[in-house]
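Where a number appears in this text, it was derived from the coordinates with a stated rule and is not lab data. Please read these numbers as outputs of a predicted model, since none were measured by experiment. Note: ideal-geometry Cβ built from the backbone for every residue, glycine included; neighbour counts use all protein chains shown.
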Amino acid sequence: MKDAFGAPQSLLVLGGTSEIGLATARRLIARRTRTVRLAGRPSPALERAAAELRELGAEVRTVAFDALDPASHEEVLGKVFSDGDIDMVLLAFGILGDQARDEEEPLSAVQVAQTNYTGAVSAGLVCAGALQAQGHGSLVVLSSVAGERARRADFIYGSSKAGLDAFAQGLGDALHGTGVHVMVVRPGFVRSRMTAGREEAPLATTPGAVADAIVTGLRRRSETVWVPGALRVVMSALRHVPRPLFRRLPVR
Amino acid sequence: MGDTVTPMSVDTVSMTGWGRTAPTTALRFRPRTYEEAVIAVTGRGPRGVVARGLGRAHGDAAQNAGGSVVDMSALDRVHAIDPAAGTVVCDAGVSLHRLMEELLPLGRFVPVTPSTRFVTVGGAIGADVHGRNHPSAGSFTRHVRSLDLLTADGTVRTVLPGTDLFDATAGGLGLTGVVLSATLALRPVDTSLMSVETERAADLDAALAGLAATDDRLPYAAARIDLMARGKATGRAVLTRGEHTPLDALPARARQAPLEFRPARLPAAPAYVPEGLLGRTSAALLAELRFRGTRAARARRLQRLSAFLHPLDALPGWNRLHGRGGFVQYRFAVGGGQEEALHRVVRRLSLRRCPAFHAVLQRFGEGGSGWLSFPVPGWTLSFGLPAGLPGLARLLDRLDDEVAAAGGRVCLAEDSRMRPETLAAMYPRLADFRALRAELDPDGAFRSDLSRRLAL
Ligand SMILES: Cc1cc2nc3c(=O)[nH]c(=O)nc-3n(C[C@H](O)[C@H](O)[C@H](O)COP(=O)(O)OP(=O)(O)OC[C@H]3O[C@@H](n4cnc5c(N)ncnc54)[C@H](O)[C@@H]3O)c2cc1C
Ligand SMILES: NC(=O)c1ccc[n+]([C@@H]2O[C@H](COP(=O)([O-])OP(=O)(O)OC[C@H]3O[C@@H](n4cnc5c(N)ncnc54)[C@H](OP(=O)(O)O)[C@@H]3O)[C@@H](O)[C@H]2O)c1
C-alpha cells in the first residue's frame with residue numbers, strides 16, 4: 001500500500017534497465033519500497049540492475065518482458081500481479097530510434113512506433129486492469145516533451161510519444177474514481193544512455209531529477225509532471241508558434 | 001427487518017481517512033440490519049472486508065482497496081437504556097454524539113470520549129479510544145460489558161471482557177470481525193456543563209509538571225502545546241482541566257435545564273481551500289494568541305461540554321482546511337520516566353518550525369487489556385501536519401525511531417505512514433494478535449489498507 005505521502009511499498013518497472021526507471025527505484029527504496037519487479041528483455045544488464053537494487057535492501061526479481069510481443073503481456077504481467085499487490089507501475093521502456101535511418105527504412109520506424117506506442121497500449125491496459133482490481137495503485141507513464149509537438153528532427157519518436165501521451169491521458173480519465181492514479185511524466189532532454197552522444201537541448205536534466213519529480217508527483221497525485229517544471233511554460237508557448245516559424249527553430 | 005424491501009445500498013466509492021491522504025476504492029455496503037451485515041461479510045470477494053464507522057480514523061484503518069467496506073452508520077439503533085444499572089445497549093453504528101443526545105437528559109454520559117464525538121461505538125471499540133480522563137477512566141473498552149461480533153464464518157458471537165477474543169477486538173482495528181452491538185457502562189452526571197480551569201505553562205517541563213499534578217477532582221486534563229515556540233519557551237502550553245459541573249455549582253438560571261445538550265456548530269468549511277492556508281505564519285500566530293489569551297494564573301469558568309471536550313467539532317469538515325494534499329496525524333505515547341524522549345521530539349519539531357496544529361499533550365493512566373490498544377501508562381502527544389510539508393516523511397520516520405527507542409508506540413488508528421518494521425517493537429502482543437487471527441480467520445477475510453500496509 002502507498003502511505004500518506006504516496007510512497008509505494010511495491011514497484012514494477014517495465015523496461016527494467018531504464019536509467020530513469022532505476023533512478024526512480026532507488027529513490028523509492030530509500031522511502032518505503034521493499035519489493036521490486038524489473039520487467040525487461042533478459043540480459044546481463046537486467047540482472048545487474050536487480051543486483052544493484054538488492055544491495056539497497058529491496059527484494060528484487062526480474063521478469064522476462066518484451067514490449068514488442070503484446071500477445072504475451074497478459075500472461076507475463078498477470079503473473080506479477082498474482083504474486084501480490086503492485087502499488088506502482090512505472091512504464092519506462094522506449095526507444096529513440098535513429099530518425100535519419102528510420103526515414104529510410106520504414107520497418108525500423110515501425111519498431112519505434114510498436115515499442116513506444118503499441119507495446120505501451122498493450123502493457124498499459126493489462127496493468128490498468130490489474131490495478132483496478134486492486135482498487136489502488138499508480139501507473140506512471142514516461143512520455144516526453146517530444147510528443148507535445150512533432151519536430152522535424154525526431155517526429156517518428158515524437159509521434160509515438162504523442163500517441164502514448166494521449167493514450168495515457170485518456171486512460172487516466174477512464175480510471176478516475178477507481179482508486180487508480182495515472183501520471184503522465186514529460187521529461188525534456190535527459191542525460192542518459194538513450195541520449196548519449198547527442199547534442200544537449202536547453203533545460204537538460206538528469207534521471208535523478210526525473211525520479212525526484214515522480215516522487216513529488218506521487219505525493220500530490222499529479223496527473224501531469226514536466227521535468228524540469230519550467231518546460232510546462234516553454235512548451236505551452238511553443239505549441240502556439242506558427243508552423244512556418246516552428247520549422248525553422250533550431251533543433252535539439 | 002421491518003417491511004422494507006429496498007435492497008441494501010451497495011456502491012463503489014473512493015475512501016480516505018480523516019486526513020484525506022491515500023484514497024482507495026472499494027465496494028461499500030450499508031447494512032440496516034444484522035442480517036444485511038452478515039450478507040456483506042459472507043458475500044465478500046477475494047480482497048476481504050472491513051468495517052467502517054464515521055471515518056474519523058486519520059489514516060487507512062477503515063478502507064479496503066479493491067475489497068468490501070461495511071459502512072456501519074445505518075446500524076444505529078439504541079436498544080435499551082437501563083438508568084438503574086447505568087448501561088446502554090446499542091448498535092455499533094450509533095455515534096457518541098447520538099448517545100450524548102439520548103443519555104444526557106437522563107443524567108448519564110459516555111464514560112470515555114475522544115476529542116471528537118462523531119465516532120461510532122464500533123469505531124471507539126476498534127480503536128479503543130481514549131479521552132482526556134484517561135488516568136482515571138482508562139480507555140473505551142474498559143467500559144464495554146459485552147459485545148456482539150460478526151466473524152469471518154458469518155456467525156455472531158457474544159464476546160465478554162476477560163476473553164482472548166475480547167482483548168484482540170478491543171483496539172483490534174476491525175480485524176477480528178464486525179462489532180454489531182455493544183453494552184456500555186455509563187457515568188452519571190448532574191449537568192451538561194464542565195467546570196474548567198485554564199493555566200499557562202511556560203515550557204514543556206512546566207506542562208508535564210502541571211499534568212502530573214492533576215487531582216482527582218478535575219479528571220479531564222490536557223495541554224495544548226505550542227510546537228512552534230523556541231528557545232526557553234520550547235514546549236510552552238496552555239493547560240486545561242475540567243470536571244462535570246455538579247448541580248449546586250450552577251448559577252440559579254441554568255439550574256432549570258441543567259442537562260441540556262446544545263453543541264454549537266459553525267457552517268461547514270469550504271470545499272476548496274488553497275494549499276498553505278494553515279501554514280507556518282498562521283500556525284505561529286494562533287499559538288501565540290492562545291498562549292497570550294490565557295491568564296498566567298489559574299482561572300475557573302463554566303463551559304459547555306461540547307466546547308470543552310470536542311472543540312474541533314464546532315467546525316464541520318475542518319479537515320478540508322488543509323487543502324487537497326491532506327494532512328498527517330502523528331500520535332505517540334511513551335512511558336512515565338521517558339520524558340527525555342518527549343523533550344527530544346518537541347525540540348525537533350520546534351527547531352524545524354513545523355506548523356503543527358492542535359498539538360495536545362496528555363497523561364495516560366493504566367493501559368487497557370486490548371492487545372493492540374494504544375494507551376500505555378505515561379504520556380501521549382498528538383499533532384497534525386500538512387502532508388505537503390517538505391521533508392515530513394523523513395522527519396516522522398526519525399520520530400518513530402525516537403519513540404521506539406524509548407519503548408513507546410505510535411497510535412495505529414491515526415497512522416497513515418508508519419513502516420511495518422517498527423511495529424513489533426511497539427506492540428509486544430502483536431504475535432498473540434496474529435495467532436488469534438490466523439485461527440479465527442485463516443483466509444484473512446478481515447483486511448484493511450492499514451493491515452496490508454503494516455502486514456498486521
Ligand atoms: C478530530 C479528531 C479527534 C480525535 N481524538 C481522539 C482522541 O482524543 N482519542 C482517541 O483515541 N482517538 C481520537 N481520534 C481518533 C478516532 O477517535 C478513532 O479513529 C475512531 O476509531 C474513529 O471512529 P469511527 O467510528 O469514525 O471509525 P472509523 O474511522 O470508520 O474506523 C476506525 C477503526 O475502527 C474499526 N471499526 C469501525 N467500526 C467498527 C465495527 N462496527 N466493528 C469493528 N471494527 C470497527 C475500523 O475498521 C477501523 O479500523 C480522533 C479523531 C479525530 C478526527
Ligand atoms: N533520456 C531522455 O532524454 C528521455 C526524455 C524523455 C523521455 N524519455 C523516456 O523515458 C523512458 C526511459 O528512458 P531512459 O532515459 O531511462 O532510457 P534507457 O535507459 O535507454 O531505457 C530504455 C528502456 O527501454 C527498454 N526497452 C527498449 N525496447 C524494449 C522492448 N522491446 N521490450 C522491453 N523493454 C524495452 C530498454 O531495455 P533493454 O535494456 O532491453 O534495451 C531500457 O530498459 C523512455 O520511454 C524514454 O522514451 C527519455
Rounded to whole angstroms and listed largest first, the alpha-carbon spread of chain B along its three principal axes comes to 60, 55, 44
Residues meeting the amide H criterion for A:M183 (H placed from the backbone, H to H distance under 5 Å, 5 or more places apart or on another chain) are A:L139, A:V140, A:V141
Give me B:H358, A:H73 sorted ascending by neighbouring Cβ count inside 10 Å, so fewest comes first. B:H358, A:H73
The farthest towards the positive end of the charge dipole of chain B, of the residues B:H244, B:A314, B:G335, given +1 on Cβ of Lys and Arg and -1 on Cβ of Asp and Glu, is B:A314
Relative contact order for chain B: what is it in percent, counting Cα pairs under 8 Å that are at least 6 residues apart? 18 percent
Can you sort A:L22, B:L259 from fewest to most other Cβ atoms within 10 Å of each residue's own Cβ? B:L259, A:L22
With the charge dipole of the stretch B:74-189 built from beta-carbon charges (+1 for Lys and Arg, -1 for Asp and Glu) about the Cα centre, the Cα from B:V189, B:V94, B:T141 projecting farthest to the positive end belongs to B:V189
Treating the beta-carbon of each Lys and Arg as +1 and of each Asp and Glu as -1, no other charges, what is the dipole magnitude of the stretch B:1-112 about its Cα centre, to the nearest 20 debye? 380 debye
Quick one: angle between helix A:155-174 and the longest Cα principal axis of chain A, in degrees between 0 and 90, rounded to 10, please. 50 degrees
What's the center-to-center distance, using Cα atoms, between the stretch B:47-80 and the stretch B:9-23 in Å? 10 Å
Take the alpha carbon atoms of the stretch A:115-169, find their center, do the same for the stretch A:50-111, and report the distance between the two centers in whole angstrom. 13 Å
Neighbour cut-off at most 15 other Cβ (10 Å), DSSP loop, trypsin sites (Lys or Arg not before Pro), the stretch B:71-169: B:R77
Go ahead and estimate [θ] at 222 nm for chain A from helices alone: -39,500 (n - 2.57) per DSSP H run with n ≥ 4, summed, over the residue count, rounded to 500. -13500 deg cm²/dmol
Give me the percent of Cα-Cα pairs in the stretch A:10-248 that sit more than 31 Å apart, rounded to a whole number. 18 percent
Please state the charge dipole magnitude for the stretch A:10-248, taken about the Cα centre, from unit charges on C-beta atoms (+1 on K and R, -1 on D and E), reported in debye and rounded to the nearest 20. 880 debye
Per-residue HN-Hα couplings for the stretch B:182-189, Karplus 6.51 cos²θ - 1.76 cosθ + 1.60 at θ = phi - 60°, whole Hz, x for Gly and Pro? 8, 10, 10, 8, 10, 10, x, 9
Cβ-placed point charges (K, R +1; D, E -1), dipole of the stretch B:279-351 about Cα centre in debye, nearest 20: 240 debye
Mean per-residue count of partner chain Cβ within 10 Å for B:247-253 equals 0
At a threshold of 8 angstrom on Cα-Cα distance, excluding pairs fewer than six apart, so keeping six or more, what relative contact order does chain A reach in percent? 19 percent
Between A:E104, A:E19, A:E47, where does the largest GNM mean-square fluctuation fall for chain A, given springs only between Cα atoms within less than 10 Å? A:E104
Calculate one ³J(HN,Hα) per residue across the stretch A:10-21 by plugging θ = phi - 60° into the Karplus curve 6.51 cos²θ - 1.76 cosθ + 1.60, and present them in order as whole Hz with x for glycine and proline. 10, 9, 10, 9, 8, x, x, 9, 4, 5, 5, x
Kirkwood Rh in Å, taken over the protein assembly as shown so that all alpha-carbon pairs contribute: 27.5 Å
From phi via Karplus (6.51, -1.76, 1.60), per-residue ³J(HN,Hα) for the stretch B:317-327 in Hz, x at Gly/Pro: x, 5, 5, 6, 5, 8, x, 4, x, x, 9
Counting only Cα, what are the radius of gyration and maximum Cα-Cα distance Dmax of the stretch B:325-456, in Å? 15.3, 48
Return the whole-Å distance between the Cα centroid of the stretch B:421-456 and the Cα centroid of the stretch B:219-260. 38 Å
Percent RCO, i.e. relative contact order, over the stretch A:119-252, from Cα pairs under 8 Å lying at least 6 residues apart: 24 percent
Would you pull out the residues with amide H under 5 Å of B:N64's amide H, same chain only if 5 or more places away, H placed 1.01 Å from N? B:D449
What's the exposure ranking of B:H97, B:H79, going from fewest to most Cβ atoms within 10 Å? B:H79, B:H97
Before rounding to the nearest 500, sum -39500 (n - 2.57) across all DSSP H runs of length at least 4 in chain B and divide by the residue total; then give [θ] at 222 nm in deg cm²/dmol. -6500 deg cm²/dmol
